[in-house]
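A.B. asks: I have a structure I would like to understand better, so I am pasting it below and will then ask my questions one at a time.
Just so you know, all these numbers are worked out from the coordinates, no wet-lab data involved. Computed from a predicted model, the values in this text were never measured in an experiment. Using ideal geometry, Cβ is built from the backbone for each residue, glycine included, and neighbour counts are taken over all protein chains shown.
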Amino acid sequence: MDLHRWHIRTRMHAFAIRFCAAFAYYSGLVALARWWTQRCGRRVIILNYHRASNGDLRSHFLYLRRHYRVLPLEQALEELCVPAQGGARTRDRRTPLALTFDDGYHDHYTHAARLATELQTPITIFLIPGYIDSGRRFWWHEGEQVVRQAQVDTVTVDSQTYQLDRLEDQRALARLVAQRARFARSVAAREEFLADLRQSLGIPATAVTPADDDPSRPLTWAEARRMEEAGWVTFGAHSVNHPVLSYLSDPAEIKREVSECRTALEDQLGRPVRTFAYPIGKVEHIGDHALQAVREAGYGWAVSTIPGYNAPDSDPHLLRRTYSDTSEHWRVVAARTAGVWPPPEGVRGIHIGLPGIGAVRSSARHRRRSGQPVTDGNKGSSRV
Ligand SMILES: [Zn+2]
């Protein structure tokens with residue numbers, strides 16, 4: 001598809017969604033759906049954010065805490081299993097809701113946690129200890145970065161030669177990197193591929209660490225501890241190295257990714273870790289081995305990215321989460337959280353292979369000089 005036409009179509013689609021969400025909100029549909037959910041018995045809504053600094057998170061928090069009973073994730077899930085007896089909590093008829101952020105980006109510290117503390121709104125962040133330890137760029141940002149940082153004009157990968165002064169080749173290489181990293185059969189294979197590629201592109205080894213002020217870099221342990229001390233942030237596990245668990249070939253590696261994540265977090269934070277979030281998190285990304293590993297590792301609950309609400313009879317290790325994004329208008333979040341409109345899929349070029357990953361407007365050489373991103377792959381692959 002022509003890129004210009006794709007951008008026009010995407011903008012029209014976003015406008016249509018915003019218009020429909022406004023209609024749902026002002027017509028009373030959203031309020032009706034919220035009321036209906038309250039009447040349906042015990043429910044817990046879990047929202048799933050990733051980045052925190054690319055929109056107006058404040059307006060989301062203000063809306064959500066007004067219309068839902070925002071609780072720490074574990075408290076909401078405990079109430080779901082064992083309802084509170086008497087007291088003020090039971091008089092509050094609003095549906096319990098938990099706010100979760102995946103991956104542990106630096107902007108969770110600079111934006112989400114600060115806002116949570118200011119508005120006294122609890123959040124849960126799912127951490128990846130392997131990336132906190134190394135401080136390296138998350139693998140889903142590598143496609144964009146290696147193309148931008150390349151010091152050569154031509155590279156051959158998997159018998160395919162890419163001319164990096166051609167926009168189509170930049171996009172194709174970024175797409176290939178994203179796919180190879182995502183579908184890797186082991187973490188070692190993923191890292192070996194990325195290291196070999198960087199070498200082929202003449203990228204120095206030091207270039208794998210983002211700058212300290214990069215909002216997309218991994219959190220540090222010191223930042224995590226400061227957030228926890230503030231009292232409005234709790235943490236869950238998100239695997240040691242964020243592989244897609246169902247794609248790993250060795251069940252023993254799946255087990256390590258799940259159980260050692262909990263151990264590492266508890267060692268660093270000094271508190272029990274009882275929740276796990278599956279990387280990427282749809283059914284096809286989880287698999288039977290991961291489900292079993294999560295149960296054996298002793299996590300009380302595990303969350304997916306399968307959309308929907310949670311009820312007392314929900315599988316505690318396959319809980320549903322509703323996608324949310326700070327770049328969206330709060331009325332869109334209001335409509336989706338209420339279950340009215342719209343489902344998140346198809347809103348953007350979020351999946352690898354869609355045109356969104358290659359929003360390239362100038363050559364790699366120009367981009368390398370100007371410091372502009374080669375692709376919008378960050379947005380395109382942020383739902384991990
Ligand atoms: Zn993730």
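A.B. asks: Does anyone have the angle between helix 187-200 and the longest principal axis of the chain? Alpha-carbon axes, 0 to 90°, nearest 10?
C.D. replies: 40
A.B. asks: Please work out whether region 1-72 counts as rounded, prolate or oblate from its C-alpha gyration tensor, where a ≥ b ≥ c are the square roots of the eigenvalues and a/c under 1.5 means rounded, while otherwise a/b larger than b/c means prolate and anything else oblate?
C.D. replies: Numbers: a/c = 2.54, a/b = 1.67, b/c = 1.52.
Taking the square roots of the gyration eigenvalues as a ≥ b ≥ c, region 1-72 is prolate.
A.B. asks: Report, in debye and to the nearest 20, how large the dipole of the chain comes out about its Cα centre when Lys and Arg carry +1 and Asp and Glu carry -1 on their Cβ.
C.D. replies: Working: 51 positive and 42 negative charges, 318 e Å.
So the dipole magnitude of the chain works out to roughly 1520 debye.
A.B. asks: Roughly speaking, what is the stretch gain from Asp153 to Leu29, that is 0.36 nm per residue apart minus the C-alpha to C-alpha distance, in nm to one decimal?
C.D. replies: Details: separation 124, 0.36 × 124 = 44.64 nm, distance 5.46 nm.
That pair, Asp153 and Leu29, stretches by 39.2 nm at full extension.
A.B. asks: So what's the net charge close to Gly339: Lys and Arg +1, Asp and Glu -1, counting the other residues with Cβ under 11 Å from its Cβ?
C.D. replies: Around Gly339, the charge tally is +3.
A.B. asks: Shape verdict for region 157-290, please, from the Cα gyration tensor: rounded (a/c under 1.5), prolate (a/b greater than b/c) or oblate. Mind dumping the intermediate values first?
C.D. replies: Numbers: a/c = 2.46, a/b = 1.50, b/c = 1.64.
Oblate, since a/c reaches 1.5 and b/c is not below a/b.
A.B. asks: Working from Cα positions, state the angle (0 to 90°, nearest 10) between the long axis of helix 283-296 and the longest principal axis of the chain.
C.D. replies: With both axes taken from Cα atoms, the answer is about 60 degrees.
A.B. asks: Please report Trp221, Trp139, Trp330 as a ranked list, fewest other C-beta atoms within 10 angstrom at the top and most at the bottom.
C.D. replies: Final ranking by Cβ density, sparse to dense: Trp221, Trp330, Trp139.
A.B. asks: Now for a different question. Toward the positive end of the charge dipole of the chain, about the Cα centre and with charges on Cβ (Lys, Arg +1; Asp, Glu -1), which of Gly300, Pro129, Ile17 goes farthest?
C.D. replies: Value: Ile17.
A.B. asks: Continuing with this model, one more query. Simple spin-label model, 7 Å along Cα-to-Cβ: Arg166 to Cys40 in nm?
C.D. replies: It works out to 5.1 nm between the two label points.
A.B. asks: How would you order 159-172, 310-323 from highest to lowest mean count of nearby Cβ atoms within 10 Å?
C.D. replies: Ranked from most to least packed, the peptides come out as 310-323, 159-172.
A.B. asks: As a footprinting exposure proxy, order Ser259, Ser134 by other Cβ within 10 Å, with the fewest listed first. Please report the intermediate quantities before stating the final value.
C.D. replies: Working: Ser259 19, Ser134 13.
In order of increasing Cβ crowding within 10 Å: Ser134, Ser259.
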